[in-house]
Amino acid sequence: MEGYETHALRTAQALLRSGSVRALQLEITKSSRRGTARETIEMLEGLKQQGFTFKQVQRRVSVACSRPRR
């Protein structure tokens, strides 16, 4: 889904809100496409609002996010 992560996560909102998903792994890279930075920030803010926490993985721009069990 390279380049379409924000769209995929928007589509998966009901599943994410259900609490069934406990962890995600995302790779964040620079893009020349307009609006990408804004979309990425909005995506991460939305995940944070749903209780996900973030950590950097292996000095890359990969982000693992998880939330506690309900």
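The values are calculated or read from the model by the stated rules, or taken from the named source; none is laboratory data. None of the values given here were measured: they were computed from a predicted structure. In this analysis, Cβ positions are derived from the backbone assuming ideal geometry, glycine residues included, and neighbour counts consider all displayed protein chains. The area values use the complete protein model at the heavy-atom level, side chains included, leaving out ligands, DNA and RNA. Shrake-Rupley method; radii C 1.70, N 1.55, O 1.52, S 1.80 Å.
I'd like the full set of residues that are closer than 17 Å to residue 48 by Cβ and open to solvent by 70 Å² or more (accessible area, probe 1.4 Å), limited to region 4-14. Walk me through it before giving the result.
Initially, region 4-14 is screened for residues closer than 17 Å to residue 48 by Cβ, giving 5-6, 9-10, 12-13.
Once the filter is applied, which keeps residues that are closer than 17 Å to residue 48 by Cβ and open to solvent by 70 Å² or more (accessible area, probe 1.4 Å), region 4-14 yields only 10.
Take the conditions open to solvent by 30 Å² or more (accessible area, probe 1.4 Å), of a type outside the set (Ser, Thr, Tyr) and at pLDDT 75 or above and apply them to residue 70. Does it pass? Before the answer, list the steps.
On the way: open to solvent by 30 Å² or more (accessible area, probe 1.4 Å): yes; of a type outside the set (Ser, Thr, Tyr): yes; at pLDDT 75 or above: no.
Spelling it out, it is not the case that residue 70 is open to solvent by 30 Å² or more (accessible area, probe 1.4 Å), of a type outside the set (Ser, Thr, Tyr) and at pLDDT 75 or above.
Give the residues of region 19-33 that are part of a loop (DSSP other than H, G, I, E, B), of a type outside the set (Val, Ile, Thr) and surrounded by 10 or more Cβ atoms within 10 Å (Cβ to Cβ), sorted by residue number. Full working, then the answer.
Initial filter on region 19-33 (part of a loop (DSSP other than H, G, I, E, B)): 19-22, 28-33.
Checking the rest, the ones that are also of a type outside the set (Val, Ile, Thr) come to 19-20, 22, 30-33.
Of everything in region 19-33, those that are part of a loop (DSSP other than H, G, I, E, B), of a type outside the set (Val, Ile, Thr) and surrounded by 10 or more Cβ atoms within 10 Å (Cβ to Cβ) turn out to be 19, 22, 31.
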